[in-house]
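Quick note: the coordinates plus some simple rules give every number you see, no bench work behind them. Please read these numbers as outputs of a predicted model, since none were measured by experiment. All Cβ positions, even for glycine, are placed from backbone atoms using ideal geometry, and neighbour counts span all protein chains on display.
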Amino acid sequence: MRTVLGADKTLAAESLRVLKFFIIKTMVFPWVDYFGGILMLQKSTKSLLKPQIFNMVTVVLVIIPLVFWNIRH
């Protein structure tokens, strides 16, 4: 990251920590896209909003405690 982005050591380390979180997120929440695809196949796209909102609320509720926990450590 230092060569490509010109980031110092601290920024590179923190960027990698954030990327690790998003790897975990993509492993935990794939059901949102799966069920969204099923709803699209059934042409029931009005109900696509509920899973997306649930996903967003879940992510926000997980990120906020993690940020505060990470600030203290």
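What FRET efficiency comes out for LEU39 versus ASN70 if R0 is 22 angstrom and r is the Cβ-Cβ distance? Round to the nearest 0.05. After rounding, the FRET efficiency stands at 0.05. Basic side chains Lys and Arg get +1 at the Cβ, acidic Asp and Glu get -1 at the Cβ, and with that the dipole of the chain about its Cα centre reaches some 60 debye.
Between ASN55 and TRP31, the modelled label-to-label distance comes to 1.3 nm, taking each label 7 Å out from Cα in the direction of the beta carbon. Computed over the chain, the P(r) curve from all C-alpha pair distances, binned at 5 Å from the origin, holds 3, 13, 17, 17, 14, 12, 10, 7, 5, 2 percent per bin.
Seen against the Cα atoms of the chain and their longest principal axis, helix 49-72 is set at about 20 degrees. When the chain is modelled as a GNM with alpha-carbon springs shorter than 10 Å, which of LEU49, LEU19, LEU11 fluctuates the most? Answer for the Gaussian network model of the chain: LEU11.
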